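Worksheet for the structure shown next.
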Amino acid sequence: MDEADRQVLRRYRVRLVGELQVAPLWDALLSRELFTRDMIEDIQRAGSGSRRDQARQLVTDLETRGKQALPLFISCLEDTGQDTLASFLRVSRQAVKQDPEAFRPLDLEPVVLGQMGLQPKELGVPKLGPPQPSPGNLTAVLLGPEALCPAQLRPEVLKPETPKPVDIGSGRARDVCAPERLRGNADLAYVMDADPCGHCLIINNVNFHPASGLSTRTGSNVDCEKLQLRFYRLHFMVEVKCDLTTKEMVAVLVEMAQQDHHALDCFAVVILSHGCQASHLQFPGAVYGTDGCSVSIERIVNIFSGTSCPSLGGKPKLFFIQACGGEQKDYGFEVTHTSSKGRTFSSDSEPDAVPFQNDLRTFDQLDAVSSLPTPSDILVSYSTFPGFVSWRDKKSGSWYIETLDRVLEQWADSEDLQSLLLRVANAVSEKGIYKQIPGCFNFLRKKLFFKTS
């Protein structure tokens, strides 16, 4: 889609989400080949499945459907009797092509609150010192740390006394108080008493159909074997599935969600595959099946929602995604210290990247945020920042999984999951010439300590 059409959709996004009637559109979108049936099914499952959520997802995905997407969409609106919206979009499209500058986002100049109202940013910062009130008038306060005297509005940060670490061998130190103090407190940490503690499903896609255009993921079996053993030692029941198509991936996940998890305390999914960017409301990215079709991370996570898998309600659901978040290569930036212990970039390192849609940002943030459900007890850990490649060594496996396995081995007995993932992010960020940093979407309500004994 060209930039002019994209600007039309973004400028009038809120109106489209509010007025668009999606139910009559599905057949028209299929007949004009604007979307496939699988794409439409994904749109219908967006968010809570309401008309508004479906409309928002449809408008988002429309940006990815090529140069003729907007005129074809306008024709679909006319075919389904939504002439007012169709005419509005057609006129707006003509207007933006005639005067593109009128539709560009405004560059807003920051202003500072001053005594005379709004003043431009060049207003000088007042000297430190208590303000002198005028009789009968309220004194305006310049917002910012420079305007605060040491005794004014200075928040007090309460720092708990840090327990002294003790040496537990192998050159490691352990905080002997934190785990014991938190593990037994059900208000602060998830209960992980069951043995086994839960299921762990590993999907390892290595060999892809020739027609998919996706390369063999050499080294992924190393990752799979490491995590299979690691989660077994963390008291999970581990099941490995290899080389699944997209439909097979979804079927295996649905089957797992339909099992009875009442007697268990946790659930984990590990996906090792090629990946790409994808439009989303909650969780970014998508992973490929061996047939070259993708399934969004958002859809995978929603399979284990409270309604789809009630026996996991209130229990932590963990997703570890080793796949590219896009196709950009991160060259990093120069820092003043030289503490990096990263290895040199190997010729055997390759990305799990697949080109996909560009610039999938949404611009109805207020509308989107106010209606999004809040997922709970979910953590999605990504091997890389959205939009960037994720590196995998053909011999030793991916940077992310190799580091995750090592960190779990060394620190799972003494640190919670979020602290472990911070260690992973720091260690991976120091590797290679091209850079990579893992990240996560954390909706856990408590700390999670793995069962290690």
Next on the checklist: Taking the conditions exactly as written (assigned to a loop (DSSP other than H, G, I, E, B), within 21 Å of the chain's Cα centre (by Cα), of a type in the set (S, T, N, Q) and buried (at least 21 other Cβ atoms within 10 Å of the Cβ)), does SER279 satisfy them or not?
Outcome noted: yes
Next on the checklist: If I go through region 293-319 residue by residue, how many of them are in contact with a strand residue (DSSP E or B) (Cβ under 6 Å, 6 or more places away or on another chain) and of a type in the set (Asp, Glu)?
Outcome noted: 0
Checklist outcome for this item: ALA251 meets each of (1) in contact (Cβ under 8 Å) with a residue 12 or more places away in the chain; (2) within 24 Å of the chain's Cα centre (by Cα) with one exception, condition (1)
Checklist outcome for this item: How many residues of region 60-96 are under 24 Å from ASP42 (Cα atoms), open to solvent by 50 Å² or more (accessible area, probe 1.4 Å) and assigned to a helix (DSSP H, G or I)? The answer is 3
Item to check | Residue that is surrounded by the most Cβ atoms within 10 Å (Cβ to Cβ), among those in region 23-59 that are outside any helix (DSSP H, G or I) and of a type in the set (A, V, I, L, M) | outcome: ALA46
Item to check | Residue satisfying all of: in region 19-44; within 26 Å of the chain's Cα centre (by Cα) and not acidic (Asp, Glu); nearest to CYS76 (Cα to Cα) among these | outcome: PHE35
Checklist entry - Across region 241-262, which residue is nearest to HIS209 (Cα to Cα) among those that are exposed (fewer than 15 other Cβ atoms within 10 Å of the Cβ) and out of contact with any Asp or Glu (no Cβ under 9 Å at 6 or more places or on another chain)? => result ALA251
Item to check | Failed item in (1) among the hydrophobic types (A, V, I, L, M, F, W, C); (2) at pLDDT below 50; (3) surrounded by 20 or more Cβ atoms within 10 Å (Cβ to Cβ), with ILE300 passing the rest | outcome: (2)
Item to check | Residues of region 181-232 that turn out to be of a type in the set (Phe, Trp, Tyr) and either open to solvent by 40 Å² or more (accessible area, probe 1.4 Å) or not in a loop (DSSP other than H, G, I, E, B) (or both), as a count | outcome: 2
Checklist entry - Of the residues that make up region 354-376, is at least one closer than 28 Å to MET237 by Cβ, open to solvent by less than 50 Å² (accessible area, probe 1.4 Å) and at pLDDT 80 or above? => result no
Checklist entry - Hey, among the residues in region 441-453 that are hydrophobic (A, V, I, L, M, F, W, C) and open to solvent by 60 Å² or more (accessible area, probe 1.4 Å), which one's farthest from GLY198 (Cα to Cα)? => result PHE441
Next on the checklist: Show the residue pairs meeting these rules: Cβ distance below 7 Å; 6+ apart or different chains; first residue within region 315-332 and over 22 Å from ASN442 (Cβ atoms) and assigned to a loop (DSSP other than H, G, I, E, B); second residue at pLDDT below 50 and open to solvent by 10 Å² or more (accessible area, probe 1.4 Å).
Outcome noted: GLU327/ALA353; GLU327/PRO355
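The values are calculated or read from the model by the stated rules, or taken from the named source; none is laboratory data. Given the structure is predicted, the values throughout are model-derived calculations rather than measurements. Every residue, glycine among them, receives a Cβ derived from its backbone with ideal geometry; neighbour counts consider all protein chains shown. Side chains included, ligands, DNA and RNA excluded: accessible areas come from the protein's heavy atoms. Shrake-Rupley method; radii C 1.70, N 1.55, O 1.52, S 1.80 Å.
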